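The values are calculated or read from the model by the stated rules, or taken from the named source; none is laboratory data. Note that the coordinates shown come from a computational prediction; the quantities given were computed from them, not determined experimentally. Reconstructed Cβ throughout: ideal geometry from the backbone, glycine too, with neighbour counts over all protein chains shown.
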Amino acid sequence: MAAPSMTVSHEILSGPPDPATLAQHKQAATLHNEGMALERQGKHADAIKLFKKALEIKLAAMGRTEGTAVTYNALAESQIQLGQLDDALENVQQALAIVNQQGSVNNQAYYRETLGLIYEMKGDLEKARSTRTGSPPDRYLCSYFQCPNPAPQPLGQLSQCSRCKAILYCSTPCRNNDWKRHKKYCRETKAEL
């Protein structure tokens, strides 16, 4: 199963950056992007090493920015692939804390979906549902990681898995395509949206 890989490394720097900070930013962005390339090749352990290096540089040079959150989420996605769910949980929670503080609506949707996936894989469908359908802003993602429409959508435009109610889909094809992955976690729940 592949986790969503929707991250891009970018930063908006306020004020004129000093050359050393700019060089660190460039180095961190390069490491992040190389990690994404390794992730796409299925080299998750190697991607994790690069994401961790990129995070170390970003945190030292720029602190907890939206770009740092992007790398935390990318790291979590790679850790999911290797079954390192506790580490992935910690990292996506870091990403969410940053974007919740900074108010990035679209990134909140992506990171909530990553967090929902982790809870789903850990067997906690109630937390998966409440995370995926959480509080406003009203922007949510289709849970199928290869959805052709990966943009956040209002909750009313998505449907739940009829059995577990812990996963959201934008279309019948996405639901059908995701069933091979989702069926090993799916079970009836009493949750209602």
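One residue stands out in region 28-46 among those that are of a type in the set (D, E, K, R) and assigned to a helix (DSSP H, G or I): the one that is surrounded by the most Cβ atoms within 10 Å (Cβ to Cβ), namely GLU39. Screening the candidates ALA109, ALA60 for the property of being of a type in the set (Gly, Ala, Ser), under 21 Å from PRO152 (Cβ atoms) and part of a helix (DSSP H, G or I) yields one hit, ALA109. Annotation: GLN81 fulfils all but one of (1) under 10 Å from the mean Cα position of the chain (by Cα); (2) in contact (Cβ under 8 Å) with a residue 60 or more places away in the chain; the unmet one is (1).
Checking ARG139, ARG129 one by one, the residue that is charged (D, E, K, R) and modelled with pLDDT of 90 or more is ARG129 and no other. Taking region 156-176 as the range and being outside any loop (DSSP other than H, G, I, E, B) and not small (Gly, Ala, Ser) as the test, the residues that pass are GLN157, GLN160, LEU168, TYR169, THR172, PRO173, CYS174, ARG175, ASN176. For region 117-155, the tally of residues that are under 16 Å from ARG175 (Cα atoms) and in a helix (DSSP H, G or I) stands at 5.
So which residues in region 131-150 are surrounded by fewer than 24 Cβ atoms within 10 Å (Cβ to Cβ) and without any contact (Cβ under 8 Å) to a residue 40 or more places away in the chain? Steps first, please.
We begin by selecting, within region 131-150, every residue surrounded by fewer than 24 Cβ atoms within 10 Å (Cβ to Cβ); these are 131, 133-140, 145-150.
Within region 131-150, THR131, GLY134, SER135, PRO136, PRO137, ASP138, ARG139, TYR140, CYS147, PRO148, ASN149 meet the criteria.
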